[in-house]
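To start, the structure under review is shown below, and the notes come after it.
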Amino acid sequence: MTPRSKFIVSTAALAALAAGIALATPQVGLLFSSVLVTGTVNHDVNAHAHVALAGTEEGFSAQVETEGAANFLVLDAKYAQGGTTGWHNHPGILLLSLAADSGPIDWYDANCVKHVYNAGDSWTEGTSLHDVVFPTAQGAHFVITYILPKGVGRRTDQAPPACAAALGLI
């Protein structure tokens, strides 16, 4: 590759990165974010559990599987009223719970469909685009477990989907 070609490719890559950053929506109202514990599994993970439950034929099953090394991380985070996570996604799987002192949250998917979660609720997130808004005076208090590829950040900021402007979610 000629020096001129390298310059053109590098300039185009930097311009694309700058445009992505400029279009991304920022987090607002993050009061604190504290990593409680983190660790790395330096091999594939394939853990499965099945528990027989009285009164059911199926019981309960769960499975966690990775291809390659993984970071496990537990985060404690609190947002103020009126805050937002900004539009983003994750490069892995998250297990989230709203703490008992949390107000409800409005969780929006890539189609701007709103899901309301309340204190004590739990759900999962992953690679799909989403935004979270904290409408009440209590704000929101999360405990989040991340399962991520080793060496990768927790989130990727993204530009909002087209539907977000009409709902004031930008």
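The values are calculated or read from the model by the stated rules, or taken from the named source; none is laboratory data. All values reported here derive from a predicted model rather than from experimental measurement. We place every Cβ from the backbone using ideal geometry, glycine too, and count neighbours over all the protein chains shown.
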(request) Answer yes or no as to whether T56 is free of Cβ contacts under 8 Å to residues at least 40 places away in the same chain and of a type in the set (V, I, T). (result) yes
(message) Can you go through A137, A119 and tell me which one is among the hydrophobic types (A, V, I, L, M, F, W, C) and over 16 Å from L95 (Cα atoms)?
(response) A137
(message) Here are the criteria: (1) closer than 21 Å to Y117 by Cβ; (2) touching a Phe, Trp or Tyr at 6+ places or on another chain (Cβ under 8 Å); (3) aliphatic (A, V, I, L, M). Tell me which single one L53 does not satisfy.
(response) (1)
(message) Checking G55 against (1) in a loop (DSSP other than H, G, I, E, B); (2) surrounded by 12 or more Cβ atoms within 10 Å (Cβ to Cβ), only one condition comes out false. Which one?
(response) (2)
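Could you grab me the full set of residues in segment 67-123 that are among the small types (G, A, S), under 14 Å from the mean Cα position of the chain (by Cα) and surrounded by 14 or more Cβ atoms within 10 Å (Cβ to Cβ)?
A77, G86, G92, S97, A110
For N89, are the conditions met, namely being under 27 Å from A164 (Cβ atoms) and modelled with pLDDT of 95 or more?
Yes.
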(request) Identify, by number, the condition in (1) in a strand (DSSP E or B); (2) modelled with pLDDT under 95 that N71 doesn't meet. (result) (2)
(request) Restricting attention to segment 122-155, report how many residues are at pLDDT below 95, closer than 28 Å to E65 by Cβ and polar (S, T, N, Q). (result) 0
(message) Being farther than 24 Å from I144 by Cβ and modelled with pLDDT under 95: is that true of G59 here?
(response) yes
